[in-house]
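One structure is given below, encoded as structure tokens.
The values are calculated or read from the model by the stated rules, or taken from the named source; none is laboratory data. Computed from a predicted structure; not experimentally measured. Cβ: placed from backbone, ideal geometry, glycine included. Neighbour counts: every protein chain shown. The protein model used for the area step is the full one, side chains on, heavy atoms only, and it has no ligands, DNA or RNA in it. Shrake-Rupley method; radii C 1.70, N 1.55, O 1.52, S 1.80 Å.
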Amino acid sequence: MGQFRKYYVQTGQAAYSPEITDEYISLNKERYERGEVTYQSFKKTRYVGRRMNEFFLSGQFRYTSQKRGTSFMLSEGNERIVDQFLCSRSCGDKSRYDAGWTVRKYLQYMEKRGHASLSDVTHDEVREFILKTAASIKTSGLHNVLLYLKHFHIFLKDSGIPAPDCVELFSYKVYRGMPIQSYVTDEELERILGVIDTETETGKRNRAIILVGATTGLRAIDIIRMKLTDIDWRKGEIKLVQSKTGTTTHVPLMKETGEALKDYILNARPKGTGCGEVFLRVSAPKTEIQDTTCIGCMFRSYQEKAGIRRQPFDGKGFHGLRRRLAKKLLVSGSPLTTVSQMLGHDDTDSARQYLSLNTDDLRECALDFSVIPLERGCLS
């Protein structure tokens, strides 16, 4: 941020302006193209500038590491529109990234066709973009591309930014495939819990994290952001706002999970940190956990210790605990609406992808024919 401050002083600017910030980003882009600075340096400058613009426009500031960059370089005007669009959306970091990726790909396509803005883009050019994109990505990916661009054009219309009215074009229904995915079985979960050393601070914390995931179905991002005030010990439930959907969900706190949480909070959680999150780092700095990647790595390390062999995309990662809970609810006779509510989905279709039945599950659901009288008869 000091770089931007110096530029403001040099240009005699006393008040913050997104245009001045974009101007400095543009100058750094030119320096990168001339080989005076590295792409990594330019990317960091651009990231900081966008975050400052985001705070200026929305009053909110998200301090997250920029691990995934973009290859879709845009003009300053289009970058500003993308920032405004993303600031207008209430969604999790992953959905925000996916939306930004899609819109930047779309705008860069139009820029390469000579359109500095969308004001003179035709419907035929939009159709051509859709067709070319559809030929290069999966059906599920196309569903998301159309959805994000539909919301983008609605934003443009509401904001009075000139653009073709393409909402209907992006409203074409694309059905995402719902493959049956595997999950972490009860036997595998027991083996994983069995290899955790609960005498250590790390073991107490990790056992509590795994049990929360297994008994509540909460996503890893919601678990690491869960605060002490989200736990209602009297009611025996956890109440929090989901990062992905922005909606409030209530999940029951099972006895074993509650005991694991109490053991961690009272006997292992670092004291005097001032952090409100339940789960904190074990090593310094003992602050909140920043990334869900470490949750997946932790879970996989225990799987290796338990002798559980993994295959790529086998569905048995930490998210497999979420599918495990959905399967158990289904087999126990819970309606799909209850499963959706438990998983924090707005509709039942979103929950279907987590449901998986094997032969044993089908046997549990099968009818018992012992109560049906059978009579021997002759075929006429």
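Just how much of residue 31 is accessible, in Å², when a 1.4 Å probe is used and the result is rounded to the nearest 10?
Rounded to the nearest 10, the figure is 90 Å².
Just by accessible area at a 1.4 angstrom probe, what is the order of 313, 4 from largest to smallest?
I get 313, 4, largest accessible area first.
What is the Cα centroid distance between segment 136-159 and segment 259-293, reported in whole angstrom?
About 39 Å separates the Cα centre of segment 136-159 from the one of segment 259-293.
Hey, which of these cross-link pairs are over 21 Å Cα-Cα: 6/43; 29/94; 255/328; 235/316; 255/316; 44/157?
Where the Cα-Cα span goes over 21 Å, the pairs concerned are 29/94; 235/316; 255/316; 44/157.
Just need the Rg to Rh number for segment 1-160, please, alpha carbons only, Kirkwood Rh.
On the Cα set of segment 1-160, Rg over Rh gives 0.97.
For a distance above 21 Å, tell me the whole-number percent of Cα pairs in segment 163-302 that qualify.
Cα-Cα pairs of segment 163-302 separated by over 21 Å account for 49 percent.
In segment 94-205, how does Rg compare with the Kirkwood Rh, expressed as the Rg/Rh ratio over alpha carbon atoms?
1.27
Sorted by average packing, counted as other Cβ atoms within 10 angstrom per residue and highest first, what order do 253-262, 227-236, 195-204 take?
Result, highest mean first: 253-262, 195-204, 227-236.
For residue 185 paired with residue 158, estimate the spin-label separation in nm (one decimal), with each label point 7 Å from Cα along the Cα-to-Cβ line.
Simple spin-label model gives 4.8 nm for this pair.
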